[in-house]
Amino acid sequence: SQKIEQNSEALNIQEGKTATLTCNYTNYSPAYLQWYRQDPGRGPVFLLLIRENEKEKRKERLKVTFDTTLKQSLFHITASQPADSATYLCALLTSGTYKYIFGTGTRLKVLA
Amino acid sequence: EPEVTQTPSHQVTQMGQEVILRCVPISNHLYFYWYRQILGQKVEFLVSFYNNEISEKSEIFDDQFSVERPDGSNFTLKIRSTKLEDSAMYFCASSVEAANTGELFFGEGSRLTVL
């Protein structure tokens, strides 16, 4: 069956360190992968999109990698800050469809 | 900054009642979506809408659900006869481009509680 797995356990890191979040998928062939941030009780907010033919994408302190062989995306936040504390969602889109399928999300807590 | 707005923010209803959730997408966007999130669970796709018709829907989006864009600005989700398991946060989203190239802009959600 199709699955998108993110670390279900919360990730606690110290301020200033790099946070690395994982998104693994099975039985998908995504053409596009997005990362979103979701704060409690709020709607998801778009962060980055990466295409299947791209290995890496960067935006300020954020970096996303996409390995279609390993069926995995890694999301990095460098120089993390307490304000980065939130749940981070990955979402996949297969070519020819109109729906992004979301993972369960990983809760990140950055400790001051 | 343009945003997707949703009303109501919270609705409580009795099982079997009809509910309409309303959304105003960003004005120049062409693609519209409804997602839902049951408390503590993942964001689930319900339906996508383009050019005044449904482009894709999930297994969740059964005959009890319908969507409409009645006046060129509002985008509504109707649940005809609510069930307890419909209790969730419902998110509207829109995108300017086709879903496979553009980011989704989400509203703040409408929390539906079915008693």
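Quick notes
- Distance between the C-alpha centres of the stretch B:1-39 and the stretch A:67-112: 24 Å, rounded to the whole angstrom.
- Spatial separation of Cα centroids for the stretch A:1-47 and the stretch B:53-104, in angstrom: 23 Å
- Taking every alpha-carbon pair under 8 Å whose residues sit at least 6 apart, chain B reaches a relative contact order of 38 percent.
- The Kirkwood radius of the protein assembly as shown, taken over pairs of alpha-carbon atoms, gives through the Stokes-Einstein law at 20 °C and 1.002 mPa s a diffusion coefficient of 118 µm² s⁻¹.
- Per-residue mean of C-beta atoms belonging to partner chains within 10 Å, peptide B:41-50: 4
- Inter-label distance, nm, simple model (7 Å from Cα along the C-beta direction), A:Gln14/B:Tyr50: 4.8 nm
- Convex hull projection area averaged over all views, chain B, Cα basis, nm²: 6.9 nm²
- Note on chain A: with a GNM built from Cα contacts shorter than 10 Å, the maximum mean-square fluctuation among A:Leu70, A:Leu11, A:Leu62 falls on A:Leu70.
- R0 of 22 Å, Cβ-Cβ distance A:Arg58-A:Asn24: FRET efficiency to nearest 0.05: 0.55
- Computed with a 1.4 angstrom probe on protein heavy atoms, the A-B interface buries about 1900 square angstrom of accessible area in total.
- Rel. contact order, % - alpha carbon contacts under 8 angstrom, at least six apart, chain A: 36 percent
- Highest-first arrangement of B:50-57, B:77-84, where packing means the average Cβ count within 10 Å: B:77-84, B:50-57
The values are calculated or read from the model by the stated rules, or taken from the named source; none is laboratory data. Being a predicted model, the structure only gives us computed values, none of them experimental. With ideal geometry, Cβ positions are generated from the backbone for all residues, glycine too; neighbour counts draw on all protein chains shown. All accessible areas refer to the heavy atoms of the entire protein, side chains included, with ligands and DNA or RNA removed. Shrake-Rupley method; radii C 1.70, N 1.55, O 1.52, S 1.80 Å.
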